[in-house]
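Laboratory data are not the source of any read-out in this text; all were calculated from the coordinates shown. Source: prediction; values computed, not measured. Methodologically, a virtual Cβ is constructed for each residue, glycine included, from the backbone with ideal geometry; neighbour enumeration extends over all protein chains shown.
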Amino acid sequence: MNTAVPDRAKFHHMKDGTLEDWTIIGAEVQAFSKTLYQRIIDHLLLLEGDCGGFPVDRLTHCLQTATLAHKDGKDEEYVVCALLHDIGDTLGPANHADIAAVLLQPYVSEENYWMVKRPVLVRLPARKTERCTQRNEQKANKRTHPKTGPPRRSGP
Ligand SMILES: [Fe+2]
């Protein structure tokens, strides 16, 4: 097990930062950036079970949207934008498109940034009711029965 404490800058005011301080900070920023993909995936998965009144949860909707984009022959960047277009919903339900657009902006074209910022332009797939209902029940059961797990379903 690695118990080493990472180096840290020593200054208390930015104006007092030395080359050594900024070298430490720069190295930490680079290392942290390499795991961004995992934080994006983790945050995307937070959309599971969040239906917001819609027939399917937002994770399913994002997967459906990305799948449609892929089937339409869109390039990888477009498909990723379709996949992540609602990722901001958990933190900013009133302006989730802005959150997704800001996250993607450094990595995508101006055209795709513009598209994500205007969510009505992202093609919406057909939705199914049953899947979302089942996921919500499973999540509720996990919260209610954290040690024993969800009760078995009876019947069809
Ligand atoms: Fe959406």
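Things to note:
- Subset tally (residues that are more than 29 Å from the chain's Cα centre (by Cα) and of a type outside the set (S, T, Y)) for region 20-35: 3
- Applying the condition of being within 12 Å of the ligand (Cβ to nearest atom), among the aliphatic types (A, V, I, L, M) and more than 15 Å from H96 (Cα to Cα) to region 44-63 and asking which residue is surrounded by the most Cβ atoms within 10 Å (Cβ to Cβ) yields V56.
- Count of region 36-55 residues which are part of a helix (DSSP H, G or I) and small (G, A, S): 0
- Once region 8-35 is narrowed to residues that are of a type in the set (A, V, I, L, M, F, W, C) and outside any helix (DSSP H, G or I), the residue that is farthest from D86 (Cα to Cα) is F11.
- Count - residues of region 56-78 that are within 18 Å of N112 (Cα to Cα) and assigned to a loop (DSSP other than H, G, I, E, B): 4
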